[in-house]
Amino acid sequence: MAETSQPDPGCVRAVRSHWLAQGFRLLTLREFRNGRAPASFAWIEQRILRTPQRLGRHGVFFANTFRPEVMAWLSETLGRPSLRADAATAQRNARWPAMVWHGEDRIWPDEVRTVEWFVDVTFPQPNSWTAFQHHWRARLMAEDDSLALPVGADAARADPAPVSA
């Protein structure tokens with residue numbers, strides 16, 4: 001299990017990402033399991049992905065989409081997310097990172113049951129991952145000024161241990 005270093009299940013403070021071979025794992029969502037009641041969700045504060053958008057009365061759409069400033073940087077660095085092979089056919093830009101959900105069950109000290117939802121983001125080219133990591137490091141490590149960690153959180157500032165995918 002990827003340790004989140006959050007003190008309780010209600011905490012939605014950003015936590016540092018865990019490095020993967022050519023990317024990172026980011027805690028984005030906590031699903032609360034309430035027995036027979038419908039699941040409830042808490043969005044974890046972070047500054048890499050957009051907050052899920054509510055779609056009318058049918059619930060929440062949990063797509064993985066980068067925030068606008070990250071999208072702009074990726075587009076400038078890697079090219080547009082989709083490229084046209086010809087006038088009629090658009091294809092995914094192979095230089096862009098892939099994003100996959102990864103869920104882990106967790107039982108908290110008071111027997112609260114959650115599913116910790118992570119997004120695994122992997123870059124197909126090592127140099128793209130290195131550039132992303134260098135540019136967005138503060139956000140990946142939850143050190144962005146808008147995500148200030150509480151006093152005494154020095155352990156959260158250390159380089160993260162790799163996580164096996």
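We did not get these values from a lab; they are worked out from the coordinates using the rules stated. Quick caveat: nothing in here was measured; it's all calculated off a predicted structure. Note that we place each Cβ from the backbone using ideal geometry, even for glycine, and neighbour counts take in every protein chain shown.
Brief remarks on what is shown
- Computed over the stretch 1-134, the P(r) tail beyond 24 angstrom holds 39 percent of alpha carbon pairs.
- Given R0 = 35 Å, the distance between the Cβ atoms of Ala85 and Glu45 translates into a calculated FRET efficiency of 0.35.
- Note: relative contact order over the stretch 18-149, using C-alpha pairs below 8 Å and six or more positions apart, is 29 percent.
- Highest-first packing order for the peptide set 123-135, 9-21, 29-41 is 9-21, 123-135, 29-41, based on the mean count of other beta carbon atoms within 10 Å.
- GluC sites (Glu not before Pro) within the stretch 62-111: DSSP coil, no more than 10 neighbouring Cβ in 10 Å: Glu111
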